[in-house]
Amino acid sequence: MNMKKKRIGIDATALPPQPAGAGIYTINLIRSLAALNPDFELYVFAQQSSRRLIELENSGSINWVLLPDKSPPHRLVWEQTGLPGLVRKTGLDLLHSPHYTRPVSLGCASVVTFHDMTFFLYPRYHTFFKRIYFPAAMRKSARSADALIAVSENTKADIIQHLGISASKIHIIYHGVDDRFKPISDKNFLNTISQKYNLPAGFILYVGVVEPRKNLVSLLSAFHELNKNNNNLILVIAGQPGWGYNEVKKIVAGYNLKDSVILAGFIPPEDLPAIYNLAKIFVYPSIYEGFGLPVLEALACGTPTITTRVSSLPEITGDAGILVPPGDDEALRMALQTLLEDEKEQNRLSKMGPQRAVRFRWNRTAQETLDVYKQVLEEYESG
């Protein structure tokens with residue numbers, strides 16, 4: 001099929017100011033698609049403040065459709081009422097909605113990415129508004145889209161189970177990891193970042209949004225028990241505050257861990273690889289993940305990793321990390337203690353992590369996504 005003049009649009013208007021998993025996916029997908037120099041025209045719909053998050057000097061040819069900034073609820077209304085008209089005006093042949101939902105009414109082919117099914121599986125971990133809106137919107141999007149992209153085998157299985165979508169409609173395309181996430185040998189650079197955030201040597205690290213689904217309650221409980229026997233341990237929680245953040249602060253105070261837990265907040269992307277490299281252990285105790293990008297980033301940096309044996313996390317980690325049952329505080333404590341004391345195991349995992357992570361690259365994500373676009377357009381035009 002001649003794709004030379006096809007117009008592909010990506011709706012990046014859901015990007016938050018401090019992107020996490022789905023946002024990082026959207027940014028890197030756009031950058032990598034542009035870098036492929038594909039034989040179609042790429043249109044990116046973005047809010048004014050989001051363009052700086054996406055754009056690179058050598059990001060290739062992107063046609064920007066910039067919009068005034070909107071609050072998340074107003075953006076969702078605009079998605080249904082304003083985006084369809086803009087798609088028609090732009091003359092798109094295909095719209096990719098990389099954040100769960102697409103317009104109900106749309107006059108072109110469409111692809112939607114589902115990052116997880118937490119709105120169905122764990123509604124209690126979402127705000128009231130999201131519990132009401134997203135399940136209904138995702139059902140409609142799944143049925144009306146020409147293809148769905150699932151970010152893991154586990155997410156695909158969850159989509160089939162909870163939405164009854166045919167397996168043939170769902171394409172598994174993994175996230176990638178940026179080349180900046182790697183073992184860093186530049187001691188001066190590492191020291192600069194360590195001083196910038198006032199980090200001690202040999203700390204335990206968590207990276208991710210601070211919200212209930214990440215199960216920091218379990219991590220703090222395990223760390224509290226470890227801290228009784230070794231009060232020199234430091235836990236660094238790096239990530240933007242989500243809903244439930246105040247509960248985490250209360251637990252830290254209740255365990256009297258204010259001197260042992262650093263709530264570092266959001267770490268800029270340019271500093272994050274060094275933070276992983278400075279950590280002695282990375283721990284990610286999440287209850288459920290559609291993919292689990294911080295785990296992949298830690299593996300790529302060679303940081304010995306402990307995560308949970310649930311959802312997509314074993315799929316991503318393989319045998320390059322230690323897996324514990326989700327919510328089992330004692331198992332998590334034992335894994336942390338064992339790894340802290342076993343230098344040989346630390347070294348083994350440090351070597352295995354980058355070997356595992358090399359399988360996941362954004363250019364591969366982009367190429368496989370491009371293949372889905374081509375398939376969808378062929379089927380859309382033929383039938």
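Any read-out appearing in this document is the output of simple, stated calculations on the displayed coordinates, not a laboratory observation. Computed from a prediction, not measured in an experiment: that's the story for all the values here. Positions of Cβ are backbone-derived with ideal geometry, glycine not excepted, and every protein chain shown enters the neighbour counts.
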Review point. What spacing in nm lies between the two simple spin-label points modelled at residue 243 and residue 52, each 7 Å away from Cα in the Cβ direction?
Key: 2.8 nm
Practice item. Can you find, among 199, 318, 241, the residue farthest towards the positive end of the dipole of region 187-357? Put +1 on the C-beta of Lys and Arg, -1 on that of Asp and Glu. Key: 199
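Would you kindly calculate the mean projected area, averaged across all directions, of the convex hull enclosing the Cα atoms of region 10-110, in square nanometres? Don't skip to the end; give the middle numbers.
Details: hull surface 24.1 nm².
That works out to 6.0 nm², a quarter of the Cα hull's surface.
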Check your understanding: What nm distance separates the two modelled labels at residue 191 and residue 231, each placed 7 Å from Cα along Cα→Cβ?
Key -> 3.1 nm
Check your understanding: Hey, in the GNM for the chain with a 10 angstrom Cα cutoff, which one of 71, 194, 61 fluctuates hardest?
Key -> 71
Point to revise | Violating pairs (Cα-Cα greater than 24 angstrom) within the set 187/250; 196/344; 6/89; 187/249; 214/351 | key: 187/250; 196/344; 187/249; 214/351
Review point. Which three extents, in whole angstrom, do the alpha-carbon atoms of region 220-300 cover along their principal axes, largest first?
Key: 32, 28, 23
Revision key, fill the gap. Spelling it out for residue 10: with amide H atoms placed in the peptide plane at 1.01 Å from N, the residues 5 or more places away or on another chain with amide H under 5 Å from its amide H are 43, 44, 45, 96
Review point. Not counting the cut sites, what is the longest span of the chain without trypsin sites (Lys or Arg not before Pro) that DSSP labels loop and that have at most 11 other Cβ atoms within 10 Å?
Key: 6-257
Review point. Counting only residues 5 or more places away or on other chains, whose amide H sits under 5 Å from the amide H of residue 67 once H atoms are built in the peptide plane?
Key: 46, 47, 48
Check your understanding: Do you know the relative contact order of region 187-357, to the nearest whole percent, from alpha carbon pairs under 8 angstrom that are 6+ apart?
Key -> 23 percent
**Study point:** For region 233-270 and region 150-227, distance of Cα centres in Å
**Key:** 15 Å
Review point. For region 89-95, what does the Karplus curve 6.51 cos²θ - 1.76 cosθ + 1.60, with θ = phi - 60°, yield as ³J(HN,Hα) per residue in whole Hz, taken in order and with x for Gly and Pro?
Key: 4, 6, x, 5, 8, 8, 10
Review point. What share of Cα pairs, in percent, lie more than 30 angstrom apart in region 187-357?
Key: 8 percent
Revision key, fill the gap. The size of the Cβ-based charge dipole (Lys, Arg +1; Asp, Glu -1) of the chain about the Cα centre, to the nearest 20 debye, is 700 debye
Study note, to complete from the structure: Any residue on another chain or 5+ positions along whose placed amide H is under 5 Å from the amide H of residue 127 is listed here as none
Study note, to complete from the structure: Expressed as a percent, the portion of alpha-carbon pairs in the chain spaced more than 30 Å apart is 40 percent
Exercise for review: State, to one decimal in nm, how far the label point of residue 167 lies from the label point of residue 341, with both points 7 Å from Cα in the Cβ direction.
Suggested key: 4.5 nm
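How high is the relative contact order of the chain, in percent, counting Cα pairs under 8 Å that sit 6 or more residues apart? Display every interim value, and only then the final one.
Values: 694 pairs, mean separation 61.0, N = 383.
Relative contact order of the chain: 16 percent.
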Point to revise | Farthest toward positive dipole pole in region 187-357 [+1 Lys/Arg, -1 Asp/Glu at C-beta], among 222, 301, 336 | key: 301
**Study point:** Against the rule of thumb 2.2 N^0.38 Å, how large the Cα Rg of region 88-157 comes out
**Key:** 1.17
Review point. Assigning unit charges at the beta carbon (Lys, Arg +1; Asp, Glu -1) and nothing else, what dipole magnitude in debye, to the nearest 20, does region 187-357 show about its Cα centre?
Key: 280 debye
Check your understanding: Of 340, 15, 148, which is the most mobile in a GNM of the chain whose springs link Cα atoms less than 10 angstrom apart?
Key -> 340
Point to revise | Residue with peak Gaussian network fluctuation, the chain [Cα springs, cutoff 10 Å], from 21, 254, 242 | key: 254
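To make sure I understand, if each residue's beta carbon is the centre and we count other beta carbons within 10 Å, what order do 350, 97, 168 fall in, fewest to most?
With the fewest neighbours first, 350, 97, 168 line up as 168, 350, 97.
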Point to revise | Farthest toward positive dipole pole in region 51-197 [+1 Lys/Arg, -1 Asp/Glu at C-beta], among 144, 127, 165 | key: 127
Study note, to complete from the structure: Calc'd 3J(HN,Hα), region 63-72, phi into Karplus 6.51 cos²θ - 1.76 cosθ + 1.60 (θ = phi - 60°), Hz, glycine/Pro = x, comes to 8, 8, 10, 9, 10, x, 5, 10, 5, x
